[in-house]
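Engineer: Please find one structure pasted underneath; my questions will follow.
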Amino acid sequence: MSEPRADRPHVPGYGIPRTTNGMLPWSWCVERLEAAEIYWLATADGKGTPHLNPIWGAWVDCRWYVEGGPTRWQRNLRANPQMAIHVESTDGDVVIVEGRAREQVAPAAELAERILGGYAKYRKIYEADPANWAKGGLWELHPVTAFAWTTFPKDMTRYRFEDD
């Protein structure tokens with residue numbers, strides 16, 4: 001996947017600059033997405049009822065992967081495949097990714113190994129196992145739009161992904 005196109009979002013009244021000076025590079029976001037230990041996952045059911053929960057995950061090859069059992073967020077994704085994640089941060093840095101979810105059933109060995117590499121940050125307390133993905137339960141986020149900033153609104157940046 002190619003790097004997303006960066007621009008400024010249009011949010012009237014918040015003083016977001018109109019120039020591209022000071023925007024954050026996508027690589028800054030990727031560093032935080034890969035290193036994050038907690039992601040806030042937002043889903044909604046088929047009627048639009050929102051659900052938000054902190055969860056572990058792995059950013060791999062410009063996709064986010066999350067696994068789990070028969071939970072509310074999985075039921076929501078089966079009814080409505082839209083999802084968003086927000087990287088938990090204690091320093092005020094913000095990275096939000098919105099997109100479409102797709103359940104992965106028994107991903108190819110090469111992809112499974114890369115996902116396991118992304119989950120390596122949890123090894124002291126949890127070991128992901130691709131055998132658990134043989135019948136589903138592994139979800140992949142295809143990014144559509146992302147937002148990031150460190151000092152709102154000065155460096156607020158929007159990223160738009162090509163559909164693949």
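The values are calculated or read from the model by the stated rules, or taken from the named source; none is laboratory data. The structure presented is a predicted model; accordingly, all values stated were derived computationally and were not measured. As a convention, Cβ positions derive from the backbone with ideal geometry for all residues, glycine included, and neighbour counts pool all protein chains shown.
Engineer: For the stretch 120-130, indicate whether the set of residues that are buried (at least 17 other Cβ atoms within 10 Å of the Cβ), under 30 Å from Ala6 (Cβ atoms) and at pLDDT 95 or above is non-empty.
Structural biologist: No.
Engineer: Being closer than 14 Å to Glu37 by Cα and among the small types (Gly, Ala, Ser) is the filter; apply it to the stretch 106-119 and report the residue that is surrounded by the fewest Cβ atoms within 10 Å (Cβ to Cβ).
Structural biologist: Gly117
Engineer: Moving on. Within the stretch 64-88, track down each residue that is under 14 Å from Ala36 (Cα atoms) and surrounded by fewer than 21 Cβ atoms within 10 Å (Cβ to Cβ).
Structural biologist: Matches in the stretch 64-88: His86, Glu88.
Engineer: Assess whether Asn53 counts as being touching a strand residue (DSSP E or B) at 6+ places or on another chain (Cβ under 7 Å) and either in contact (Cβ under 8 Å) with a residue 12 or more places away in the chain or among the polar types (S, T, N, Q) (or both).
Structural biologist: In short, yes.
The rows are residues; the columns are (1) over 23 Å from Gly99 (Cα atoms); (2) surrounded by fewer than 18 Cβ atoms within 10 Å (Cβ to Cβ); (3) more than 13 Å from the chain's Cα centre (by Cα); (4) at pLDDT 95 or above.
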position: Ala134; (1), (2), (3), (4): yes, yes, yes, no
position: His142; (1), (2), (3), (4): no, no, no, yes
position: Ala148; (1), (2), (3), (4): no, no, no, yes
position: Thr157; (1), (2), (3), (4): no, no, yes, yes
position: Asp163; (1), (2), (3), (4): no, yes, yes, no
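Engineer: Which of the residues belonging to the stretch 122-164 are of a type in the set (A, V, I, L, M, F, W, C) and more than 25 Å from Glu67 (Cα to Cα)?
Structural biologist: Matches in the stretch 122-164: Trp149, Phe152, Met156.
Engineer: Only one of (1) under 30 Å from Ala6 (Cβ atoms); (2) in contact (Cβ under 8 Å) with a residue 12 or more places away in the chain; (3) of a type outside the set (Lys, Arg) fails for Ala112. Which number is that?
Structural biologist: Going through the list (1) under 30 Å from Ala6 (Cβ atoms); (2) in contact (Cβ under 8 Å) with a residue 12 or more places away in the chain; (3) of a type outside the set (Lys, Arg), Ala112 breaks only (1).
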